[in-house]
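Asks: Below is a structure I'd like to ask you about.
The values are calculated or read from the model by the stated rules, or taken from the named source; none is laboratory data. As the structure is a prediction and not an experimental result, all values here were calculated from the model. Don't worry about glycine lacking a Cβ; one is built from the backbone with ideal geometry, like all the others, and counts go over all protein chains shown. Side chains are part of the model used for accessible areas, which takes the heavy atoms of the whole protein and leaves out ligands, DNA and RNA. Shrake-Rupley method; radii C 1.70, N 1.55, O 1.52, S 1.80 Å.
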Amino acid sequence: EKQKIRNVFFGAPRIKNDSLERIKAQLKTAPYRISFYAGTEAGEELLAFNPDDPLSISRANQIFLLRAAITAIEQKKLKLSDLAVLEEQKIVPALGIIHFWKPGSLISVDSLLNLMVAEKDLTASDLLLSLLPQEQLWALGQKLRPFLSYREYFLLSKLPKEKLKGGSEAITNLLPSLSGRLSSTDTALDRPDLVKHVGWFASTRELCGSAL
């Protein structure tokens, strides 16, 4: 019958009659610029096309947070049972559930990781970030400095654009003025007007390197 689903199949995708060379040729003829990287878990590069272009990655920044947290746990610098304090100035009133909790609540690293992944919780992300050294995150990408919290991003997004146009150095110099301030209630992450000035920037090679 029309407009009726007869079958639904779930399975792993397969590329038929294709090759890495053919895919690369198709990438080259695209009417827009593409950044692409594919590799193995062992770190072997399979296919790369403009893999080092810096991209605005928005919430994909959490890939680096997860990698930094896993590394810190493996190095015994962080434990899943470690606790973060939910301070009022660290609450981000968007996505997730922690921002509804009472300030002063204690939350384990294990819970932060689960809430960040399962609930897309931005406050959980910021609390986890507060437990990690910035230098560890900077090492994962050339343009990850400074690695902003979501609270900082939303506060910066309310400033005049002229103040944000000096690159990472200008952003770093603005951060002390944000200390202790509550997050803006305007929590839009998709801001094309700011994409070149403030946010999180990394290449597909760097993203894959931390995700694999």
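Asks: Could you tell me whether the stretch 46-55 includes any residue that is of a type in the set (A, V, I, L, M, F, W, C), assigned to a loop (DSSP other than H, G, I, E, B) and over 18 Å from the mean Cα position of the chain (by Cα)? It would help to see each step written out before you state the result.
Replies: Keep residues of the stretch 46-55 that are of a type in the set (A, V, I, L, M, F, W, C), which gives 46-49, 55.
Cutting the leftovers down to assigned to a loop (DSSP other than H, G, I, E, B) gives us none.
The answer is no, given that none of the residues of the stretch 46-55 is of a type in the set (A, V, I, L, M, F, W, C), assigned to a loop (DSSP other than H, G, I, E, B) and over 18 Å from the mean Cα position of the chain (by Cα).
Asks: Further question on the same structure: Got a sec? Which of R151, R181 is farther than 18 Å from S56 by Cβ, in contact with a Lys or Arg (Cβ under 7 Å, 6 or more places away or on another chain) and not small (G, A, S)?
Replies: On the way: R181 fails: in contact with a Lys or Arg (Cβ under 7 Å, 6 or more places away or on another chain).
Result of the check over R151, R181: R151.
Asks: I'd like to check something: does the stretch 127-150 contain any residue that is assigned to a helix (DSSP H, G or I), among the polar types (S, T, N, Q) and within 19 Å of E87 (Cβ to Cβ)?
Replies: Let us first name the residues in the stretch 127-150 that are assigned to a helix (DSSP H, G or I), namely 127-130, 134-138, 150.
Of the ones still in play, those that are also among the polar types (S, T, N, Q) are 130, 134, 136.
Filter once more, so that each one left must be within 19 Å of E87 (Cβ to Cβ): 130, 134.
Yes, because at least one residue in the stretch 127-150 is assigned to a helix (DSSP H, G or I), among the polar types (S, T, N, Q) and within 19 Å of E87 (Cβ to Cβ).
Asks: Looking for something part of a loop (DSSP other than H, G, I, E, B) and modelled with pLDDT of 95 or more - is there at least one such residue anywhere in the stretch 60-76?
Replies: First, pick out the residues of the stretch 60-76 that are part of a loop (DSSP other than H, G, I, E, B): 75-76.
Still in the list and also modelled with pLDDT of 95 or more: 75-76.
Yes, the stretch 60-76 contains a residue that is part of a loop (DSSP other than H, G, I, E, B) and modelled with pLDDT of 95 or more.
Asks: Turning to a different aspect of this structure: What number goes with the only condition from (1) at pLDDT 90 or above; (2) open to solvent by less than 80 Å² (accessible area, probe 1.4 Å); (3) not in a strand (DSSP E or B) that G43 does not pass?
Replies: Result: G43 fails condition (1) only.
Asks: Restricting to the stretch 134-148, name every residue that is touching a residue at least 24 places away in the same chain (Cβ under 8 Å) and either open to solvent by 30 Å² or more (accessible area, probe 1.4 Å) or out of contact with any strand residue (DSSP E or B) (no Cβ under 7 Å at 6 or more places or on another chain) (or both). So that I can check it myself, show each step before the final result.
Replies: First, the residues of the stretch 134-148 that are touching a residue at least 24 places away in the same chain (Cβ under 8 Å): 136-137, 140-148.
Those that are touching a residue at least 24 places away in the same chain (Cβ under 8 Å) and either open to solvent by 30 Å² or more (accessible area, probe 1.4 Å) or out of contact with any strand residue (DSSP E or B) (no Cβ under 7 Å at 6 or more places or on another chain) (or both): Q136, L137, L140, Q142, K143, R145, P146, F147, L148.
Asks: Okay, next question. Would you point out the residue of the stretch 54-95, among those that are polar (S, T, N, Q) and touching a Ser or Thr at 6+ places or on another chain (Cβ under 7 Å), that is nearest to Q142 (Cα to Cα)?
Replies: Of the residues in the stretch 54-95, the ones polar (S, T, N, Q) are 56, 58, 61-62, 71, 75, 81, 89.
Checking the rest, the ones that are also touching a Ser or Thr at 6+ places or on another chain (Cβ under 7 Å) come to 62, 81.
On the way: Q62: 16, S81: 31 Å.
Across the stretch 54-95, the extreme among qualifying residues is Q62.
Asks: Would you point out which residue out of S157, S179, S168 is closer than 18 Å to V92 by Cβ and in contact (Cβ under 8 Å) with a residue 24 or more places away in the chain?
Replies: After ruling out the rest, the residue left standing is S157.
Asks: Residues in the stretch 154-172: is at least one on the phi < 0 side of the Ramachandran plot and within 15 Å of the chain's Cα centre (by Cα)? Give the steps one after another, and end with the answer.
Replies: Filtering the stretch 154-172 down to residues on the phi < 0 side of the Ramachandran plot leaves 154-166, 168-172.
Going one step further and asking which of them are within 15 Å of the chain's Cα centre (by Cα), we end up with 154.
Checked the stretch 154-172: at least one residue is on the phi < 0 side of the Ramachandran plot and within 15 Å of the chain's Cα centre (by Cα).
Asks: Right, P103: touching a helix residue (DSSP H, G or I) at 6+ places or on another chain (Cβ under 9 Å) and in a loop (DSSP other than H, G, I, E, B) or not? Break it down stepwise before answering.
Replies: On the way: touching a helix residue (DSSP H, G or I) at 6+ places or on another chain (Cβ under 9 Å): yes; in a loop (DSSP other than H, G, I, E, B): yes.
Here the answer is yes, as P103 does meet what is asked.
Asks: Sticking with this structure for a sec: Identify, please: which residue in the stretch 77-93 is part of a loop (DSSP other than H, G, I, E, B) and among the β-branched types (V, I, T) and is, among those, surrounded by the most Cβ atoms within 10 Å (Cβ to Cβ)? Spell out how you get there, then give the answer.
Replies: Initially, the stretch 77-93 is screened for residues part of a loop (DSSP other than H, G, I, E, B), giving 77-82, 86-87, 91-93.
Subset that is among the β-branched types (V, I, T): 91-92.
On the way: I91: 20, V92: 26.
Out of the qualifying residues, it is V92.
Asks: Hey, could you check the stretch 114-133 for residues that are small (G, A, S) and touching a residue at least 12 places away in the same chain (Cβ under 8 Å) and say which is farthest from I63 (Cα to Cα)? Break it down into steps so the answer makes sense when it comes.
Replies: Within the stretch 114-133, the subset small (G, A, S) is 118, 124-125, 130.
If we keep only those that are touching a residue at least 12 places away in the same chain (Cβ under 8 Å) too, we end up with 124-125, 130.
Values: A124: 14, S125: 11, S130: 16 Å.
Applying the filter and picking the extreme gives S130.
Asks: Restricting attention to the stretch 46-67, which residues are of a type outside the set (K, R) and open to solvent by 30 Å² or more (accessible area, probe 1.4 Å)?
Replies: Going residue by residue through the stretch 46-67, those that are of a type outside the set (K, R) are 46-58, 60-66.
Listed by number, the residues that qualify are L46, F49, N50, D52, D53, P54, L55, S56, S58, A60, I63, L66.
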